[in-house]
Each structure stands twice: as structure tokens, then as C-alpha cells.
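Read-outs throughout are calculated quantities, based only on the coordinates presented, and are distinct from any laboratory measurement. Quick caveat: nothing in here was measured; it's all calculated off a predicted structure. Cβ sites come from the backbone with ideal geometry, for glycine too, and all protein chains shown count toward neighbours.
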Amino acid sequence: MQELKVLSKEELQGLDSPKISENFFHSDIQKKVYIESYGCQMNFSDSEIVTSILLENGFGTTSSLEDADAILLNTCAIRDNAEQKIRNRLKSFTHLKKNNPQLTIGVLGCMAERLKVKLIEEEKIVDLVAGPDAYRDLPRLMGEIEAGNKAINVFLSKEETYGNIEPVRLHTNGVTAFVSIMRGCNNMCSFCVVPFTRGRERSRDVHSIIRECENLLANGYKEVTLLGQNVDSYRWENPDTNEVVNFANLLEAVAQVSPELRIRFSTSHPKDITDEVLYTMAKYENICKNIHLPAQSGNNRILQLMNRTYTREWYMERIDSIRRILGEDCGISHDLIAGFCSETEEEHQDTLSLMDYVKYDFGYMFAYSERPGTPAEKKLEDDIPEPVKKRRLAEIIDLQRKHSEIRNKRMVGQIQKVLVEGDSKRSKEQHFGRNDSNKIVVFDKKGEKVGDYVTVKITSCTTGTLIGEIV
Ligand code: SAM
Ligand code: SF4
């Protein structure tokens, strides 16, 4: 049985920079790491930070599982099925580990943070567990494994933003990139595991964000998506001047990097999104007119049980403000949960009627999945039968399909500015890109390159795609 090495908080605080166990470099061969990411954009962005830390510390990367000395899964814990997927993926590595007992298998991210040492106990194949704030410690953890131990670090930090780490772009098209502006979440939505897996909210130094955006532009990137669980509560205070930068100020500063650099952001919270943010969006052509504004439910009693801290009326007023300040073309998308604890048929109908009111362009829709340790799991009963949840979810998805079609159809005949991102899935003769409101646009190639802005006339559409021609 291998020893399970857990560092005390004091030992970890003594590590001012990542240190690697001597043993790890006894061999001359560079250790190659394979990383797979699951879940939200934030996890994909974190994998780029992880890669940067590993490369800085003498590791290599590989895109081949067979070639890897270490396999790291950056995981999601938001719903039970996300975790089951990871457990199945871990099982699929059994033969690799059998053929190569030296192979390190690591679990990073939210599932690592949620399950901690239990993950190593339950999944024997796992050697390494690292939570979202422990990535600077990865080289040392890898060294522990080289020394024959199992390794875990799941301490959550109040300060870590990885602000000084230049992410290594993975699976990149060379045009669009994620830029993380904050970490953690201070909201306590009763259904959500994120505050427990990602810790307290902290905002990254505005200067390091701007520097990252400038570097991206210098390297040919044309679009950044600013990421946070609740971007509207971004707040950075300059320690020298006490000047406070809020999200609207940050947006403005990023917009001024270059008119050639497009800006998107996610996720907005209905309780926090201000008119100041909307007016800043209106002021700059390069801030894309698209807002992801999760509603979760259209019913006030359910919103209260979810601890979302806004009402249906408040949410509708925010939608009205978006339309008033940014116009009818502004894209609006949502997250909605079907079958939350005690939700009645009438309350579910309120969600559908909210959808009818907004006519969202797009949405992420989920059946409620009870998560251990959350306020909902502790205080409420997960009492909606699975078939009912599924049926309500299907109704939500069906309605969204109709609304997506309505929203896409109104674009037919319009002229749209599109950033070319790559070949369309269907044909090498066609490019695809996205317009201001985040809709996929497909069009025949006419000599333009990936990374160019083109003007496209929309000629037809499906529920998911706009089809057009360069004019
Ligand atoms: N911070 C964002 C927000 O406040 O909307 C997104 C957080 S979460 C990563 C993405 C979405 O997953 C949530 O908006 C919610 O719709 C969904 N979600 C979170 N917990 C869930 C649960 N227990 N069951 C089903 N869906 C859940
Ligand atoms: Fe979860 Fe709510 Fe925070 Fe979003 S705002 S991450 S749903 S707790």
C-alpha cells in the first residue's frame, strides 16, 4: 500500500514557489503530461494555467494518452452525471496503468476539491488530487508520486488568482482566447457546489488582465472572453492608490486595448449586472453585444428557495434595460434548471412564460441534480420524480428551439460583422465564424483568412446556425 502524503497548511505556506522533488529529475527524460478538461470554460482556462506551470517546471506535454507519463483530468462537479463521466474515464485508463505501472493519474478541479482524499480511496487508480487553488503546487505533488507516495493538495486560497501566470493556449484556433478575471464565488445559490469547490471570490489585478490581452493581440488573437462565475462583481482595489476598478471599468480598459480586439464575457448575474456595464457595452463597438444571464427559474418562490436573491420582476426589468440600452439585436442566453425541489407544474409554467417574455437566443438547460453538501441538499427535499424533471426539461428545450429559430430568422437579410474562426464542419469550401451576438455564421470562402473580420449578408438559417455570403 502506498503512503498517502498530505502536506499540512504550514508546510504548504512555506512553499513560496513551486518546488519539485529531486527524485523527479533523476532520469534525463522529460516527463510528458496529457491533460483533458471537462465542464465550464473556466476549467478549460485553468488547464492552460496548469500547462504553463508544468512547462515552466521542466515537464513536457503530449496529446497522446499512450505517450504520457502523467494523465491529468481537470474535472467538473456541478451535476452528478459530470462526476460519473470522470469515474468512467478513470476506469478506461486501467489497461494503460497495467501496461505502465509508473503512469501517474491525477484528478484536478472541482471534483478533486469536492471529494478530496475520498477520491483516492474510492478510485484506486488515482495517484494525485489537486483542487483549483493548488496548481502552483503540482510540480511538487508530481515529485511526491515519483518518490512512491500518493499526493493531495486541496487547500482553497483567499488570494490565489494565478495573475502572474501567462497561460499556454491549448486546442487554440489562434483567434479566440479565454482570460480569467476572477476566481471563486461568494453567492450561495442553494443548488450549487461551486462556492465549496472554488472557494471565496477574488478578482485579478487589472494590469495583469490588460497585459494578457495585449500579449494575445500581439500574437494574432482577435477575441477574448473574460471569465468569472459572476463577472459583475469584479472588484479590484489598487493597493497604492486605493482606486477601485469595477467590471464596467475593466470592460472599458480592455476595450481600449485595440478596436481590433473583440471582447466577450461570461457569466453575468441578474442581481449584479448594472446599467453602467450596459452603457459601457453600448459605447464600444468591439464589446460584443451578447449577454449570458442565467435565470435558473421564472418563479419567485423557486428563485427564493434557490437563494438567487432576485425576483422574476427584477430579472424582467434587467432584460428591458438590455433591450433599451443595447437594442433588439443584442444576444441574450440563459441557464435554466428544471424540477428544482418542490417545483409545481404552475411554477414550471412560470419558467416557460419567462422564456416567452425574453425570447432567448440560446440556453443551457439542466434537470436539477442534488449535490452533497449544498444548502438545498441539507434543507430541501429532492422530491420531483426523475421522469417529471425530464419532461419539464424537454418542454424547456423545445421552447428554446422555437425561440432560437425566431431569433435566427430575424437576422435573415441583415448584414453582420463576422470574425473568421475556421473551416465549417460540413465543408472545407466554407468558413465559419461568429457575429456580434455570438451566433455561428457559415459562408463560402472568398479568399479571407482565419482571424479576418468579414461582412456577411445572412441569407438563411437553421435553429443553430446562420448561413450567409460575404459581401
Ligand atoms: N456562475 C454562473 C451562474 O451563476 O449562473 C454559472 C454557474 S454553473 C457552473 C453553470 C450552471 O449549472 C448554473 O447556472 C446552473 O444552471 C447549473 N447548475 C448548477 N448546479 C446545478 C445542479 N445542482 N443541478 C442542475 N444544474 C445545476
Ligand atoms: Fe453557483 Fe450561484 Fe455562484 Fe453561479 S452564482 S457559481 S450558480 S453559487
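Taking H as built 1.01 Å from N, whose amide H comes closer than 5 Å to the amide H of Asn74, not counting residues under 5 places away?
Distant-sequence amide H within range of Asn74: Glu36, Ser37, Tyr38, Leu108.
What GluC sites (Glu not before Pro) does region 83-186 have in DSSP loop regions with at most 15 other beta carbons within 10 Å?
Filter output for region 83-186: Glu159.
Among Ala255, Asn99, Asn43, which residue has its Cα positioned farthest towards the positive end of the charge dipole of the chain, with +1 placed on the Cβ of Lys and Arg, -1 on the Cβ of Asp and Glu, and the dipole taken about the Cα centre?
Checking the options against the dipole of the chain, the answer is Asn99.
Would you list His403, His207 from fewest to most Cβ contacts within 10 Å?
Final ranking by Cβ density, sparse to dense: His207, His403.
Counting only residues 5 or more places away or on other chains, whose amide H sits under 5 Å from the amide H of Phe178 once H atoms are built in the peptide plane?
Under 5 Å from the amide H of Phe178: Thr225.
Take Glu56 and Phe44, extend 7 Å from each Cα along the Cα→Cβ direction, and tell me the distance between the two endpoints in nm.
Result: 2.4 nm between the two label points.
Got a sec? How would Val277, Val358, Val388 order by Cβ neighbour count within 10 Å, fewest to most?
Exposure proxy ranking, most exposed first: Val388, Val358, Val277.
Hey, with R₀ at 30 Å, roughly what FRET efficiency would Lys158 and Glu377 work out to, going by the Cβ-Cβ distance, to 0.05?
Approximately 0.75, to the nearest 0.05.
Note the full-extension length gain between Lys390 and Glu121 as 0.36 nm times their separation in residues minus their Cα-Cα distance, in nm to one decimal.
Difference between extended and current length: 93.5 nm.
In debye to the nearest 20, how big a dipole does the chain give about its Cα centre with +1 on each Lys and Arg Cβ and -1 on each Asp and Glu Cβ?
So the magnitude is around 1040 debye.
Quick one: which residues, 5 or more positions from Val154 or on another chain, have an amide H under 5 Å from its amide H? H modelled 1.01 Å from N in the peptide plane, none for Pro or chain starts.
Residues meeting the amide H criterion: Gly131.
Can you give the charge dipole size of region 397-465 about its Cα centre, rounded to the nearest 20 debye, using +1 on the beta carbon of Lys and Arg and -1 on the beta carbon of Asp and Glu?
Charge dipole of region 397-465: 180 debye, to the nearest 20.
Of all trypsin sites (Lys or Arg not before Pro) in region 136-190, which ones are in loop regions per DSSP and have a Cβ with at most 12 other Cβ atoms within 10 Å?
Of the trypsin sites (Lys or Arg not before Pro), the ones in loops of region 136-190 whose Cβ has at most 12 other Cβ atoms within 10 Å are Lys158.
Taking a quarter of the surface of the Cα convex hull of the chain, what do you get in nm²?
Mean shadow area of the hull around the Cα atoms is 23.8 nm².
Test of understanding: what is the full-extension gain from Glu328 to Ile406, defined as 0.36 nm times their sequence separation minus their Cα-Cα distance?
Full-extension gain reported as 26.8 nm.
Give me the one-decimal nm value for the distance between modelled label points at Ser353 and Asp423, 7 Å along each residue's Cα-to-Cβ direction.
A separation of 5.0 nm, rounded to one decimal place.
Give, rounded to the nearest 20 debye, the magnitude of the charge dipole that region 88-225 has about its Cα centre when Lys and Arg contribute +1 at Cβ and Asp and Glu contribute -1 at Cβ.
Here region 88-225 has a charge dipole of around 380 debye.
Using the count of nearby Cβ atoms within 10 Å as a rough guide to exposure, how do Trp314, Trp236 rank from fewest to most?
Trp314, Trp236
With a Förster radius of 25 Å, plug the Cβ-Cβ distance of Leu96 and His171 into 1/(1 + (r/R0)^6) and report the FRET value to the nearest 0.05.
For R0 = 25 Å, the calculated efficiency reads 0.70.
With only alpha-carbon atoms in the gyration tensor, what are the semi-axes of the equivalent ellipsoid for region 197-296, in Å, largest first?
20, 18, 14
If I measure Cβ to Cβ between cysteines in the chain, which ones have no partner under 4.7 Å?
By the Cβ distance rule, which asks for a partner under 4.7 Å, the isolated cysteines are Cys40, Cys76, Cys110, Cys185, Cys213, Cys288, Cys330, Cys341, Cys461.
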